[in-house]
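Below is one structure, written out as structure tokens, with a few remarks after it.
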Amino acid sequence: MAKKPSCEELEQRVKELEDDADARRRAEVALREHEQVLQMFVAHTPAAVAMCDREMRYIVCSRRWASDYGLGEADLIGRCHYDLFPDLPEHWKQEHQECLAGEIVRRDEEPFPRTDGSIDWVKRELCPWRDDAYKIGGLIMFTEVITACKKAEEALRESEETHRLLVENATDAIFIAQDEVLKFANTKTENMAGYFAEEIAKIPFVGLIHPEDRDMVLERHLKRLKGEDLPGIYSFRVLNGSGEELSVEINSVLINWEGRPAVLSFLRDITAKIRLETQLQQAQKMEAIATLAGGIAHEFNNALMGIMGNIELLKMDLPEDERQDRYFEAMKGSGHRMSRLTDQLLAYAQGGKYQPKNLKLDDFMIETLPILQYDLSPQVRVETHFPKDTAHIRADHAQMQMVISAILANSNEAVEDEGLIRITAGNKDVDEDFAKQHPGIKPGPYVCLTIEDDGKGMDEKTRSGIFDPFFTTKFQGRGMGMAAVYGIVKNHDGCIYVDSELGKGTVVG
């Protein structure tokens, strides 16, 4: 038989049991306090966090979780997550099961359907939690609503895309200059320079500037990098990849690029604008000279008529004398030459007396060329192309012959050895753009006559002065020449241009 415990042993056993009971009570109190602290921590944490059991029933969740998902102050404890969000994506439910199987699931951004039907973007993480037996009792969900960040990123991307499109499709060249090269260049810069962006980045930008303007542009660039106050807009010339000279206007501002000073520039091609301004100034100059020439011609013609009349009267009063007659004929010859010059002056001015009639330009040229070819060098060959449908023009026959004669004479002189003069005519409809580029001409139907030679050509200085009265490249001039041509064409409501380059011939149209 077992020995009965003594009183002392019973007392000791009772004391141990009481100590164990106290320990369990203390442990239970500590556990409850711990759970309360945990629940308060979770409830008040600024993060959106919720803890669910294996049936996805809420055990605890933060207030931020409830507010982020539009659940308000409702008591979520014990409610099923799927009941609260019936439209939850299926792949989310699948991920819940993966987490309950022991995986940790992380997603950087995903759309989440809210209870009011709106869509939020969230960043989330799912972690399994384990009980005292180390069995998975459920999962903890951490989420962060990133809709505002997503919208900001989207707005930033849209803004960047908008600015990229603006820069890439700008009508001005936009580039950033640093270390004397172009670190960034838009498409217009490539087109204007005649190089791809990769090529531009390897070329010192002064290499794109006209040699006469390089020092000025480089000096201003360096001063701007130092922060000196300079005019933002100025003009200079550039040379593109094909050697073409362009006039440009630049607007520059100092910026930081990759942590260092740089210059952001907007470059506008003003070549056409300057050309048009030059043409307008030339037209205004010619108009002023034409007015002066007309006045001089009328006064000169009146005085000349008096001289010629008095010569005839003097000859009638004097007896016939062969020696005197020679002097009279010489005076009359000089008078007739001056009369022809007066006619040229009047042709240049707006005071010329024309007798316009309907002319078919191709028939007129076929009739006139045989007469004028006698004055051309035998080594110069003349080719013509006159379509049969060339329209009629309203013009003075004699004045038009003067125009053709003067132009052919210049082309003949330009061809030093054997050469070719090509004459073509055709109908042309002048539109608004062409009219804007050629001051004095109006939109509408015209007939275009072009005379082209393969002679020695002209430099820009000679070409720009060709319509000036008495202008000549010879030692001694021979009269009004192309100035009279200009006046006749203008007085017939037409326009005339000359395109020429040294060694490449001349085109008059």
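The values are calculated or read from the model by the stated rules, or taken from the named source; none is laboratory data. Just so it is clear, the model here is predicted, and its values are computed rather than measured. Counting neighbours? That spans all protein chains shown, and the Cβs are built from the backbone with ideal geometry, glycine included. Remember, those area values only see protein heavy atoms, side chains included, never the ligands or the DNA or RNA. Shrake-Rupley method; radii C 1.70, N 1.55, O 1.52, S 1.80 Å.
Every residue, every condition in (1) out of contact with any strand residue (DSSP E or B) (no Cβ under 7 Å at 6 or more places or on another chain); (2) of a type outside the set (Val, Ile, Thr); (3) in a loop (DSSP other than H, G, I, E, B); (4) at pLDDT below 80, yes or no:
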residue	(1), (2), (3), (4)
ASP343	yes, yes, no, yes
TYR354	no, yes, yes, yes
LEU359	no, yes, no, no
GLU367	yes, yes, no, no
PRO370	yes, yes, no, no
TYR374	yes, yes, no, yes
PRO378	yes, yes, yes, no
THR384	no, no, no, no
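Considering only the stretch 185-198, I want to know if a residue exists there that is buried (at least 16 other Cβ atoms within 10 Å of the Cβ), in contact with a strand residue (DSSP E or B) (Cβ under 8 Å, 6 or more places away or on another chain), not in a helix (DSSP H, G or I) and not hydroxyl-bearing (Ser, Thr, Tyr).
Yes, the stretch 185-198 contains a residue that is buried (at least 16 other Cβ atoms within 10 Å of the Cβ), in contact with a strand residue (DSSP E or B) (Cβ under 8 Å, 6 or more places away or on another chain), not in a helix (DSSP H, G or I) and not hydroxyl-bearing (Ser, Thr, Tyr).
Checking ARG260 against (1) surrounded by fewer than 15 Cβ atoms within 10 Å (Cβ to Cβ); (2) of a type in the set (D, E, K, R); (3) closer than 17 Å to GLY194 by Cα, which test does it fail?
The single condition ARG260 does not satisfy is (3).
Which one of PRO445, PRO439 is at pLDDT 85 or above and either farther than 15 Å from GLY509 by Cβ or over 37 Å from the mean Cα position of the chain (by Cα) (or both)? Spell out how you get there, then give the answer.
Values: PRO439 fails: at pLDDT 85 or above.
Result: PRO445 is the single residue among PRO445, PRO439 that is at pLDDT 85 or above and either farther than 15 Å from GLY509 by Cβ or over 37 Å from the mean Cα position of the chain (by Cα) (or both).
Looking at this structure, is GLY137 touching a residue at least 12 places away in the same chain (Cβ under 8 Å), at positive phi and not charged (D, E, K, R)?
No: the conditions fail for GLY137.
So, ASP396, is that one within 26 Å of THR342 (Cα to Cα), at pLDDT below 85 and either open to solvent by less than 50 Å² (accessible area, probe 1.4 Å) or polar (S, T, N, Q) (or both) or not? Steps first, please.
Numbers: within 26 Å of THR342 (Cα to Cα): yes; at pLDDT below 85: yes; either open to solvent by less than 50 Å² (accessible area, probe 1.4 Å) or polar (S, T, N, Q) (or both): yes.
The answer is yes for ASP396.
What pairs come out if I take residues in the stretch 291-319 that are at pLDDT below 70 and pair them with residues that are open to solvent by less than 90 Å² (accessible area, probe 1.4 Å) and part of a helix (DSSP H, G or I) whose C-beta lies under 6 Å away, six or more apart or interchain?
ALA293/LEU345; ALA293/TYR348; ALA297/THR342; ALA297/LEU345; ALA297/LEU346
State whether the residues of the stretch 215-234 include one that is outside any helix (DSSP H, G or I), over 15 Å from VAL263 (Cβ atoms) and at pLDDT 85 or above.
Among the residues of the stretch 215-234, not one is outside any helix (DSSP H, G or I), over 15 Å from VAL263 (Cβ atoms) and at pLDDT 85 or above, which makes the answer no.
Quickly run through the stretch 57-78 and pick out the residues that are part of a loop (DSSP other than H, G, I, E, B), modelled with pLDDT under 80 and open to solvent by 30 Å² or more (accessible area, probe 1.4 Å).
GLY70, GLY72, GLU73, ALA74, ASP75
Return a yes/no flag: does the stretch 178-186 have any residue that is touching a Lys or Arg at 6+ places or on another chain (Cβ under 8 Å) and not hydrophobic (A, V, I, L, M, F, W, C).
Pass one, the stretch 178-186, residues touching a Lys or Arg at 6+ places or on another chain (Cβ under 8 Å): 178, 181.
After this cut, where a residue has to be not hydrophobic (A, V, I, L, M, F, W, C) as well, the list is 178.
Yes, the stretch 178-186 contains at least one residue that is touching a Lys or Arg at 6+ places or on another chain (Cβ under 8 Å) and not hydrophobic (A, V, I, L, M, F, W, C).
How many residues does the stretch 214-243 contain that are in contact (Cβ under 8 Å) with a residue 40 or more places away in the chain and either open to solvent by less than 50 Å² (accessible area, probe 1.4 Å) or in contact with a strand residue (DSSP E or B) (Cβ under 9 Å, 6 or more places away or on another chain) (or both)? Show your work before the answer.
At the first step, the residues of the stretch 214-243 found to be in contact (Cβ under 8 Å) with a residue 40 or more places away in the chain are 221, 238, 240-242.
Still in the running and either open to solvent by less than 50 Å² (accessible area, probe 1.4 Å) or in contact with a strand residue (DSSP E or B) (Cβ under 9 Å, 6 or more places away or on another chain) (or both): 221, 238, 240-241.
Residues flagged as in contact (Cβ under 8 Å) with a residue 40 or more places away in the chain and either open to solvent by less than 50 Å² (accessible area, probe 1.4 Å) or in contact with a strand residue (DSSP E or B) (Cβ under 9 Å, 6 or more places away or on another chain) (or both) within the stretch 214-243 amount to 4.
Considering HIS81, HIS44, which residue is at pLDDT 85 or above, closer than 16 Å to PHE142 by Cα and under 60 Å from the mean Cα position of the chain (by Cα)?
HIS81
Filter the stretch 168-183 down to the residues that are open to solvent by 30 Å² or more (accessible area, probe 1.4 Å) and either among the acidic types (Asp, Glu) or out of contact with any helix residue (DSSP H, G or I) (no Cβ under 8 Å at 6 or more places or on another chain) (or both) and list them by number.
Selection gives GLU168, ASP179, GLU180, LYS183.
Would a scan of the stretch 126-149 turn up a residue that is assigned to a helix (DSSP H, G or I) and either open to solvent by 30 Å² or more (accessible area, probe 1.4 Å) or aliphatic (A, V, I, L, M) (or both)? I'd like the intermediate steps shown before the answer.
Residues of the stretch 126-149 assigned to a helix (DSSP H, G or I): 147-149.
Now narrow it down to the ones that are either open to solvent by 30 Å² or more (accessible area, probe 1.4 Å) or aliphatic (A, V, I, L, M) (or both): 148-149.
Within the stretch 126-149 (the criterion being assigned to a helix (DSSP H, G or I) and either open to solvent by 30 Å² or more (accessible area, probe 1.4 Å) or aliphatic (A, V, I, L, M) (or both)), the answer is yes, since at least one residue qualifies.
Here's the yes/no breakdown for (1) free of Cβ contacts under 8 Å to residues at least 40 places away in the same chain; (2) among the acidic types (Asp, Glu):
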{"site": "ALA66", "(1), (2)": "yes, no"}
{"site": "GLY78", "(1), (2)": "yes, no"}
{"site": "ASP83", "(1), (2)": "yes, yes"}
{"site": "GLU103", "(1), (2)": "yes, yes"}
{"site": "GLU109", "(1), (2)": "no, yes"}
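Quick one: which residue in LEU208, LEU254 is open to solvent by 70 Å² or more (accessible area, probe 1.4 Å), at pLDDT 80 or above, farther than 30 Å from ILE466 by Cβ and of a type in the set (A, V, I, L, M)?
Checking each option against the conditions leaves just LEU254.
Would you point out which residue out of ILE146, ILE209 is aliphatic (A, V, I, L, M) and out of contact with any helix residue (DSSP H, G or I) (no Cβ under 8 Å at 6 or more places or on another chain)? Reasoning before the result, please.
Details: ILE209 fails: out of contact with any helix residue (DSSP H, G or I) (no Cβ under 8 Å at 6 or more places or on another chain).
Only one candidate qualifies: ILE146.
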